[in-house]
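Take a look at the structure below.
Every read-out reported here was derived from the displayed coordinates using simple, explicitly stated rules and does not represent laboratory data. It should be emphasised that the depicted structure is a prediction, and the values quoted were computed from it without experimental measurement. In this analysis, Cβ positions are derived from the backbone assuming ideal geometry, glycine residues included, and neighbour counts consider all displayed protein chains.
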Amino acid sequence: MTTTFRSLTLAAGLALALATAALTLPAAQAQTPAASAATAGAKKVIRYAFRVAETSFDPAQITDLYSRTVAAGIYDAPYEWSFLAKPMQMRPATAAGMPEISDDFKTFTIRIKPGIYFADDPAFKGVKRELTAEDYVYSLKRHYDPRWKSGNLYILENAKILGLSELRKKLIAEKKPFDYDTPVEGLRALDRYTFQIKLAEAEPRFISSNFTDGSFTGALAREVVEFYGDKIGEHPVGTGPYRLAQWKRSSRIVLAKNPNFREAFYDETAPEGNARLQAIAQKMKGQRLPMVEEVHISIIEENQPRWLAFLNEEHDLLEELPADFATGVIPNNQLAPIYAKRGMQMVRYPRADVAVSYFGMENPVVGGYEPHQVALRRAISLAVDVDREIRLVRRGQAIPAQGPIAPETSAYNPKVKTVMSDYSLAQAKALLDLHGWVDKDGDGWRDQPDGSPLLIEYATQPDQQSRQLIELWQKNMKTIGIRIEFKTAKWPENLKSSRAGKLMMWGVGWTGGPDSDTFLALGYGPNKGQANHARFNLPAFNRLYEQQRGMPDGPERYAVMAEAARLMVAYMPYKVHVHRIFTDLAQPWVMGYHRNNFVRDFWKYVDIDAEALQRRRGAGL
């Protein structure tokens, strides 16, 4: 299971956006840029935009959501999640069947289907290259190679694959390059199409948590990595439905159908009672995947131009309608008649995520585990008016969070209520007074218990939503007498500083897979600098986290997870603000669009109604 930190963004005001749209829409309709472009040469194309720029397309180096999304369409993990089914169902992708799992949940054997081929590439010297078990063995080992600085190594090391961490430590101590050819007990190819993984400890969800995401455990060919060397992140070559055709960094990504992609057909089962998804499943059944020939992705950081590109039909999809536009576009969470008449489609869904502000637990001001240090963090949390944040900044597109476990995941309990969502200035002031965080020099601002000045530094980004959240933070902190300053930098710069433990506080989002373990990983001590950006390290929490990992799913495991979450609320390494609710929009000619939180590469399940698009172009709409 892979995860990613993300910055929080927002668009400019709704009134400005609609005013601009009113001026530009007639010209756009006359020119119909989407229609003319998408049907050029009878080619089916999906066009949309990312809000944040990509970084790399090498699974061993990716740490951000957007690069993962692209990589998931290029590389194949052995398994995948069903696209429409709910609850989620794991099924084979390149695997020949479901994994063979030992009774003690320590040994996992996977057989790969013969006859699956990589996309053509100069590294193969004109030879068609078949996927083998050894490719998965090699690709997993790459995460252990210090050369690649894998941001997800902690996930595999937590699983304790026998021999790999020991080999890594030995070679680092000896100052030698990582040796891919040294056999290890925990990871080996048994034959051309079969590989086996052995763990030191039981982990019932090892396969479903780690081998369903091509952007993490997808297979690379060794000769391709050696051919491109340090440039491998610019030359992704996989067995997935798409290949990288064009790339202008931080500007434009073009994916084209992989001619070597195996035979795969749309065969989805929709949930009972969901008429929309059942209609999609029936209409698309039996079509060969992928259905669209190209995917064009623009990088548009500001939300207003991203919205206008969709409104002017330059894009076929709009992921995550900007919250500032929600009142006008989806009043009362229903598509406004003006857009419904145009045939736009709306897909609204809760995100399996948390929006948090973390406290650097190793920072001398906001960190620490002593009562007065915990009191400071809890007082700051109590002074954050989450309801106001949801109303004014998020325009109602979120629900208050009660802890680190996100909706749509295994251990989430919607009935839980904690102090995480409480807003009480009186309690916040009382906590600060009780523990010595008072104004000692008479300047109107609280000081530290030792008399030194108290100043909170909060990292943020130069986007509209971050600016609005800053305004709320300033008001919230002023009401309890705490000075706060904001350090603005681009998201990649903040991420780098955060991983190095240099930030006092940072407001970010965290998304994960179907198992709630992903969200508890935010607090696990050994994950410091990886998932655990707060660098929280509480022995009692660590024991509970490790305990639940070895337990089968069920009420007993979920009770242990709930207790671990309770400790995170009590010590407050993260102020968990909200769980976000997103709305995606699709143009009328897009067929089969659906949002599955855990399927990144949705493009292969989507089609374009070329006739409908042609009619729209011909009508000059």
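Taking other residues whose beta carbon is less than 14 angstrom from the beta carbon of Leu425, and scoring Lys, Arg as +1 and Asp, Glu as -1, yields +2.
Compared with the alpha-carbon gap, the fully stretched path from Glu563 to Arg147 is longer by 145.9 nm at 0.36 nm per residue. Note on Val419/Ile470: beta-carbon distance plugged into 1/(1 + (r/R0)^6) with R0 of 35 Å gives a FRET efficiency of 0.90.
Packing-based ranking of 456-468, 131-143 yields 131-143, 456-468, ordered from highest to lowest mean Cβ neighbour count within 10 Å.
Taking 0.36 nm per residue of sequence separation and removing the Cα-Cα distance, the Tyr339/Glu302 pair yields an extension gain of 11.2 nm. A Förster radius of 22 Å combined with the Cβ-Cβ distance from Ala245 to Gln287 puts the calculated FRET efficiency at roughly 0.50. Between Lys490 and Ala570, the FRET efficiency estimated from the beta carbon spacing at R0 = 45 angstrom works out to 0.85. Each residue, Asp609 and Lys86, gets one label point 7 Å from its Cα in the Cβ direction; the gap between the two is 2.3 nm. Summarising the label geometry, the points placed 7 Å from Cα in the beta-carbon direction at Asp553 and Asp181 lie 4.3 nm from one another.
When the alpha carbon gyration tensor of the range 353-580 is reduced to an equivalent ellipsoid, its three semi-axes come out at 28, 19, 18 angstrom, largest first.
In terms of packing, defined here as the mean over residues of other Cβ atoms within 10 angstrom, the peptides 166-179, 240-253 line up highest first as 240-253, 166-179. Listed values (1) 0.98; (2) 1.39; (3) 1.10 include one computed from this model; for Cα Rg over 2.2 N^0.38 Å that value carries the label (1). In the structure shown, the pairs Lys231/Lys502; Lys106/Lys528; Lys429/Lys478; Lys429/Lys475; Lys141/Lys170; Lys160/Lys496 are assessed against 19 Å; a Cα-Cα span above that value is assigned to Lys231/Lys502; Lys106/Lys528; Lys160/Lys496.
In a DSSP loop and with at most 14 other Cβ atoms within 10 Å, there are no chymotrypsin sites (Phe, Trp or Tyr not before Pro) in the range 250-315.
Screening the chain for DSSP H helices whose Cα atoms reach 20 Å or more along their own axis and whose mean Kyte hydropathy is at least 0.5 gives 14-31. Of the trypsin sites (Lys or Arg not before Pro) found in the range 265-301, the ones in coil according to DSSP and having at most 15 other Cβ atoms within 10 Å of their Cβ are Lys285. Modelled spin-label separation between Glu370 and Lys231, with each label point placed 7 Å from Cα along the Cα-to-Cβ direction: 5.5 nm. From the square roots a ≥ b ≥ c of the eigenvalues of the alpha-carbon gyration tensor of the range 333-487, which class results: rounded (a/c under 1.5), prolate (a/b over b/c), or oblate? Prolate, since a/c reaches 1.5 and a/b exceeds b/c. Given axes a ≥ b ≥ c from the Cα gyration tensor, I'd like to know whether the range 69-214 is rounded (a/c under 1.5), prolate (a/b larger than b/c) or oblate. In terms of gyration-tensor shape, oblate. Residue separation of Arg192 and Gln427 scaled by 0.36 nm, minus their Cα-Cα distance, works out to 78.2 nm of gained length.
Given axes a ≥ b ≥ c from the Cα gyration tensor, I'd like to know whether the range 462-621 is rounded (a/c under 1.5), prolate (a/b larger than b/c) or oblate. Oblate, because a/c is 1.5 or more while a/b does not exceed b/c. With contributions of -39500 (n - 2.57) from each DSSP H run of at least four residues, the per-residue ellipticity at 222 nm computed over the chain stands at -8500 deg cm²/dmol.
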